[in-house]
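The values are calculated or read from the model by the stated rules, or taken from the named source; none is laboratory data. Please read all numbers here as calculations on a predicted model, not as lab measurements. Counting neighbours? That spans all protein chains shown, and the Cβs are built from the backbone with ideal geometry, glycine included. The area values use the complete protein model at the heavy-atom level, side chains included, leaving out ligands, DNA and RNA. Shrake-Rupley method; radii C 1.70, N 1.55, O 1.52, S 1.80 Å.
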Amino acid sequence: EAGVTQSPTHLIKTRGQQVTLRCSPISGHTSVYWYQQALGLGLQFLLWYDEGEERNRGNFPPRFSGRQFPNYSSELNVNALELEDSALYLCASSPSGGSADTQYFGPGTRLTVL
Amino acid sequence: AQTVTQSQPEMSVQEAETVTLSCTYDTSESNYYLFWYKQPPSRQMILVIRQEAYKQQNATENRFSVNFQKAAKSFSLKISDSQLGDTAMYFCASLRLGNQFYFGTGTSLTVIP
């Protein structure tokens with residue numbers, strides 16, 4: 001069974017640009033979570049999608065947005081990039097959002113903003 | 001909202017020794033779940049162990065066990081017979097039904113040969 005996949009692996013952008021990160025959950029999983037892991041700050045919750053709907057979002061500005069597609073894959077969009085957006089962005093999936101299922105993480109996308 | 005606190009940013013342990021990582025959490029829920037995740041230097045986060053709050057028995061997975069103190073809202077991870085491959089960042093997390101995970105800030109564990 002394939003795990004959670006994310007693309008791209010690495011990304012370098014400049015301030016003000018826009019970026020799209022992609023995540024494919026484990027087959028059969030309907031919930032997708034996005035986290036930002038900046039150096040020394042642990043995991044900061046960004047967004048949670050389940051069955052195509054946004055269930056919750058963390059304390060991030062509106063330039064962080066996303067969506068979930070009918071096949072449950074997801075995109076994270078970040079507009080007007082700032083230097084402090086440099087981080088590892090992790091995606092995780094779980095079988096469903098209403099249960100106590102374990103999250104399974106992808107390898108992450110390393111975003112560098114210059 | 002739930003909060004999860006890991007008060008030990010860094011720890012080290014000699015190979016083959018035992019180490020305990022601390023975690024406290026704050027929730028008003030009676031039904032919730034607790035997790036320890038491990039993130040090795042290669043970055044992929046993996047589940048170490050999971051505990052259901054309604055179960056009094058502490059969860060155990062091979063060399064990994066937890067000390068779950070519900071009244072004190074404490075959920076520590078004990079690693080026995082530490083191995084070099086245990087070197088990683090460890091995250092404690094809580095989950096209540098219908099909500100997202102809440103993660104602590106992590107403890108960086110180094111196993112010294």
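Leaving out ligands, DNA and RNA, what percent of the accessible area of chain A is carbon and sulfur, probe 1.4 Å? Each step should come with its number before you reach the end.
Numbers: 2540 of 5150 Å².
The computed percentage sits at 49.
Considering only protein heavy atoms and a probe of 1.4 Å, how much of the accessible area of segment B:25-113 is carbon and sulfur, as a whole percent?
The value for segment B:25-113 is 46 percent carbon and sulfur by accessible area.
Per residue of A:42-54, count partner chain C-beta atoms within 10 Å of its C-beta, then hand back the mean as an integer.
Across the residues of A:42-54, the mean count of other-chain Cβ atoms within 10 Å is 3.
For chain B, with a Gaussian network of springs between Cα atoms less than 10 Å apart, report the residue from B:Q83, B:Q69, B:Q44 with the top mean-square fluctuation.
Taking springs between Cα atoms under 10 Å, the residue moving most is B:Q44.
Whenever you get a sec, line up A:L114, A:L81 from highest to lowest accessible area (probe 1.4 Å, protein heavy atoms).
Most to least solvent-accessible, the answer reads A:L114, A:L81.
Which trypsin sites (Lys or Arg not before Pro) from segment B:1-89 combine a DSSP loop assignment with at most 11 other Cβ atoms within 10 Å?
The qualifying sites are B:K55.
Sort segment B:3-113 into rounded, prolate or oblate with this rule: let a ≥ b ≥ c be the square roots of the eigenvalues of the Cα gyration tensor; rounded if a/c is under 1.5, and if a/c is not under 1.5, prolate when a/b is larger than b/c, oblate otherwise.
prolate
What accessible area, in Å² to the nearest ten, does a 1.4 Å probe give for A:S65?
It works out to around 40 Å².
Please work out how much accessible surface B:I112 shows to a 1.4 Å probe, ignoring ligands, DNA and RNA, in Å² rounded to 10.
60
Compute the relative contact order of chain A as a whole-number percentage, counting only Cα pairs closer than 8 Å that sit 6 or more residues apart in sequence.
37
Can you pull the mean other chain C-beta count within 10 Å for peptide A:101-109?
Mean inter-chain Cβ contacts per residue within 10 Å come to 5.
Would you tell me the accessible area of B:M89, worked out with a 1.4 angstrom probe on the heavy atoms of the protein chains, in Å² to the nearest 10?
In the full protein context, B:M89 sits at about 60 Å².
Relative contact order for chain B using alpha-carbon pairs under 8 Å, separation at least 6, rounded to a whole percent?
38
Normalised by the residues of segment B:1-58, what does the relative contact order come to in percent, with Cα pairs under 8 Å and at least six apart?
On the way: 59 pairs, mean separation 16.4, N = 58.
Reported as a whole number, the value is 28 percent.
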